Amino acid sequence: MEYKCVDRGSSRCPCALMEAGQCYICTMSRTGHCSCGQHWQGVCPYNEFLQNGGRPAADLKEVEAPVLEVADYSRQLKVVRLQVPAGFAQKCQAAGSYIMVTSLGYKVPLSVLRSEVFCENGSGFIELAVQPAGPKTMELFRPGGDCWTVSGPFAAGLLNIEKLDFGKPVLVIGKGTAAAPFINIRSRLNGAVYIDSDKLTDAFLETYMGDREYEKISLQHNLEKLLPVIDRCPQIMFLASPYYTEKILQMRPERKSDIIIPNHANICCGVGICGACSYTDEDGVTVRRCKITERQL
Ligand code: FES
């Protein structure tokens, strides 16, 4: 069996999993035997690892990002704008991008809500929707917090995103701040949009949905009514809490491999080390969700 790694071939490859002999895509690291075959094209991560003296690629650097603005939409919803280098902002425009913010010594994964690049001065900004609900997120908004320590961006914020065809309509169902990955790429998507505005305010929706048409719904009361719409659409983004995601997958288990859903409920380090996002698949293999987006048989 083979696994697909979101960081393969990037500046983060080879990573700590190669060093631990657990790289999902390199059988050489796991078993000592290469199974890539003569038709393999591209960079060999094992060779990169050896050439790097048996060490993984340099860890992601943390960036000190000045806070440019905090918009208070409600007690439960703030949007922070951070100044970042242009290259960072540009990478954040990729579908499913999220970053890690350091708070109280822990990492907080946050989906990118909006990202812009200013070519003339080599800088840019990103915006993040934050619900200050616990010690880590509340700490971020303490007076004097005029710079956030961030790392990333990371690419595995959405499961099944590699199946998205931007040229075809996609049905989007989003609830609260979980809709952020859609808002980040909304100008590149077409198709019907349903938003459960739970914890979002009208002012937030006016700012981030602009003139994009959408219908307001309540997942709590109308999820079943959406099923016929879901059944008609080959491409779906369902962006809600793990509770509703589980619910929709139980109702439509056959869509598990194509429906695009959030992937960061349990993400903690984002780089395959802490194991917080691990799960054991049906073949008994423990995989890390922050690294693997798809399993191929
Ligand atoms: S979040 Fe730490 S291993 Fe995936």
>> Quick check on the stretch 261-278: of everything there that is closer than 20 Å to Tyr243 by Cα, among the hydrophobic types (A, V, I, L, M, F, W, C) and modelled with pLDDT of 85 or more, which residue is farthest from the ligand (Cβ to nearest atom)?
In response: Ile261
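Among the residues of the stretch 117-141, count how many are of a type in the set (A, V, I, L, M, F, W, C), in a loop (DSSP other than H, G, I, E, B) and under 20 Å from Asp198 (Cβ atoms). First the steps, then the outcome.
Residues of the stretch 117-141 that are of a type in the set (A, V, I, L, M, F, W, C), as a first pass: 117-119, 125-126, 128-130, 133, 138, 140-141.
Narrowing the set further to residues that are in a loop (DSSP other than H, G, I, E, B) leaves 119, 133, 141.
Now restrict to residues that are under 20 Å from Asp198 (Cβ atoms): 133.
Residues flagged as of a type in the set (A, V, I, L, M, F, W, C), in a loop (DSSP other than H, G, I, E, B) and under 20 Å from Asp198 (Cβ atoms) within the stretch 117-141 amount to 1.
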>> For the stretch 46-72, give me each residue that is over 20 Å from Ser151 (Cα atoms) and under 23 Å from the mean Cα position of the chain (by Cα).
In response: Ala71
>> If the requirement is being of a type in the set (Asp, Glu), within 16 Å of the ligand (Cβ to nearest atom) and at pLDDT below 95, which of these qualifies: Asp258, Asp231, Asp198, Asp281?
In response: Asp281
>> Of the conditions (1) assigned by TED's automatic domain parsing to the domain that holds Ser278; (2) outside any helix (DSSP H, G or I), Ala94 satisfies every one except a single condition; which number is it?
In response: (1)
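Kindly establish whether Lys291 is out of contact with any helix residue (DSSP H, G or I) (no Cβ under 6 Å at 6 or more places or on another chain) and more than 16 Å from the ligand (Cβ to nearest atom). It would help to see each step written out before you state the result.
Values: out of contact with any helix residue (DSSP H, G or I) (no Cβ under 6 Å at 6 or more places or on another chain): yes; more than 16 Å from the ligand (Cβ to nearest atom): no.
So Lys291 does not fit the description; no.
Any idea which of Ile267, Ile273 is in a loop (DSSP other than H, G, I, E, B), closer than 30 Å to Pro169 by Cα and of a type in the set (A, V, I, L, M, F, W, C)?
That would be Ile267, the only listed residue that is in a loop (DSSP other than H, G, I, E, B), closer than 30 Å to Pro169 by Cα and of a type in the set (A, V, I, L, M, F, W, C).
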> Among (1) at pLDDT below 90; (2) assigned to a strand (DSSP E or B), which single condition is Arg114 missing?
Replying inline: (1)
> Taking strands (runs of 3 or more DSSP E) that do not extend beyond the stretch 143-219, which have at least 1 residues that are free of Cβ contacts under 8 Å to residues at least 60 places away in the same chain and within 23 Å of Glu116 (Cβ to Cβ)?
Replying inline: 193-196
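The values are calculated or read from the model by the stated rules, or taken from the named source; none is laboratory data. All figures in this text were calculated on a predicted structure; none of them were measured in a lab. As a convention, Cβ positions derive from the backbone with ideal geometry for all residues, glycine included, and neighbour counts pool all protein chains shown.
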